[in-house]
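As structure tokens, the structure follows; a few thoughts come after it.
Nothing in this text is a laboratory measurement; each read-out follows from the coordinates by a stated rule. Quick caveat: nothing in here was measured; it's all calculated off a predicted structure. Here Cβ is always computed from backbone atoms with ideal geometry, including for glycine, and neighbour counts include all displayed protein chains.
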Amino acid sequence: MKTLLLASAVLAASIGSAYAADLYVPAPAPEILPPTASNLYIGLHGGWLAGTTSGASFELGGDTVGADVTTDSGYTIGASVGFLTDMGLAFEGEVSYAMAGLSEAEIDGLGATDVEGDASALGLFANAVYGVDLGGWRPYVGAGIGAVNVALSVPAGEFGPDALDDNGWTWGAQAFAGLEFQLTDGVSLGGRYKYSYRGEVELVDGGDDPVTLDAAGAHSVEATLRFGL
């Protein structure tokens, strides 16, 4: 009798274990989804660049003189490629170009004089952008750091007897805030304000004399267009 009871208990335990094993379903492995149309994007921007005044120094008559150089308003254009996360944070690479004509120079000891020439800046930036989806509208803020190539073209006689046509690299930073509206699925149109800043630049004029452009900032207002991929 005891043997029968023991055998029954072992059989019941075996059935219970087998039933529990049938009920166990392992948790599925997390699924890694590829980037979708709402993640990857291409952005275009362009607009008005405000005139600026920045310091400079150059050789004149064997002496180094300083000046405050003012530019007219100009334009800025650019493009970006980025990845937008589901949390509203985006990471992007940006290339931009800004151009403005020279207007006036306030030269130490000589006063103000009109000048001709052009100044431009080619920027390469890595940006972080945070936005909030408000049902078609998306306000956002962003900032970036990178490198800027500054070019200056000035005819002979403006800052001395030698012409200046040179460029140089320096560091750059920018911050911006904007608002965009979703026109269609994956296409958004908007505008933004941007403040950009670059470091000091060392150039050389046609007579091999040094020309230094002080660090300076610039303001711009731009239209933006973003395409989802």
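Test of understanding: ordering HIS219, HIS45 by Cβ neighbours within 10 Å, fewest first, what list do you get?
HIS219, HIS45
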Once the Cα gyration tensor of the stretch 36-228 is diagonalised, semi-axes √(5λ) in Å:
39, 15, 12
When MET87, MET99 are ranked with the fewest other C-beta atoms within 10 Å first, the list becomes MET87, MET99
By per-residue mean of other Cβ atoms within 10 Å, what is the highest-first order of 116-127, 55-66?
116-127, 55-66
Taking neighbour Cβ counts within 10 Å as the exposure measure, how do LEU49, LEU40 sort from fewest upward?
LEU40, LEU49
Picking from LEU134, GLY55, HIS45, whose Cα lies most toward the positive end of the charge dipole for the stretch 36-228 (charges on Cβ: Lys, Arg +1; Asp, Glu -1)?
LEU134
Over the Cα atoms of the stretch 114-202, what Rg and Dmax result, in angstrom?
18.6, 60
Charge dipole magnitude, Cβ of K and R +1, D and E -1 - the stretch 36-228, Cα centre, debye nearest 20
1400 debye
